[in-house]
Amino acid sequence: MIRMPQRADLIDLETLHLRPGEGRTIDARVRVDPLELAGQPYPVDSGAVDARLDISRTISGYAMRLRFDAPMTGACMRCMADARPVVGVDAREVDQPGDAEELHSPYLEDALLDLVAWARDALVLALPAQIVCREDCLGLCPVCGENLNESDPQAHRHEAVGDPRWSKLRDLELG
């Protein structure tokens, strides 16, 4: 195992001197640029993550695995309160010679692995559909905008008001 105490943005895989069938595990601090979702910023705490990178040399290329947990901060997508999710990432890439696009990693060029780009893309793919403050978040009242997590949802009611476009029908006398 190789420990990289400083931040690693690029890794030259040729410097590992791997023969086919050999592998290495590298622990590195990787920068993760802030994400913006629906106009809201969702940065990773401290701007970097402690990642584990497994690299295996195949007969003619590489197989790679990147793992990390990303503690993030931002607004809950239901109630706008602070959300602090920790997103687990486990991504894999291969790079082999040939014409097939799926055999070429966009993060590896001339044996230089772009960890920053891979970590950011892997994080985006691992994000939940909604970032929430808690799994049972009730969100905001669609009528008055009150945070339903801070009030009794059974007691929070509004008088049913019909669609104002149909209000003239109430004045109709049938019969």
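Listing for the model above:
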{"quantity": "Some residue of the stretch 161-175 being of a type in the set (A, V, I, L, M) and in a strand (DSSP E or B)", "calculated": "no"}
{"quantity": "Close pairs from the stretch 128-142: first farther than 25 Å from H158 by Cβ, partner crowded, with 16+ Cβ neighbours inside 10 Å and of a type outside the set (A, V, I, L, M, F, W, C), Cβ under 9 Å, at least 6 apart", "calculated": "P128/P85; I131/Y42; I131/G74; I131/P85"}
{"quantity": "Sole exception among (1) more than 14 Å from the chain's Cα centre (by Cα); (2) under 16 Å from L10 (Cα atoms) for R120, by number", "calculated": "(1)"}
{"quantity": "Search result, residues across the stretch 35-84 that are of a type in the set (A, V, I, L, M) and surrounded by fewer than 14 Cβ atoms within 10 Å (Cβ to Cβ)", "calculated": "A38, I59"}
{"quantity": "Candidates V87, V124, V116 - the one that is without any contact (Cβ under 8 Å) to a residue 60 or more places away in the chain, outside any loop (DSSP other than H, G, I, E, B) and either more than 30 Å from L53 (Cα to Cα) or open to solvent by less than 100 Å² (accessible area, probe 1.4 Å) (or both)", "calculated": "V87"}
{"quantity": "Answer residue from the stretch 96-113, given it is free of Cβ contacts under 8 Å to residues at least 60 places away in the same chain and not in a loop (DSSP other than H, G, I, E, B) and is nearest to I11 (Cα to Cα) among those", "calculated": "E109"}
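The values are calculated or read from the model by the stated rules, or taken from the named source; none is laboratory data. In this text the structure is predicted, and so the values were computed from the model without any measurement. As a convention, Cβ positions derive from the backbone with ideal geometry for all residues, glycine included, and neighbour counts pool all protein chains shown. These accessible areas exclude ligands, DNA and RNA; they are computed on the full protein's heavy atoms, side chains included. Shrake-Rupley method; radii C 1.70, N 1.55, O 1.52, S 1.80 Å.
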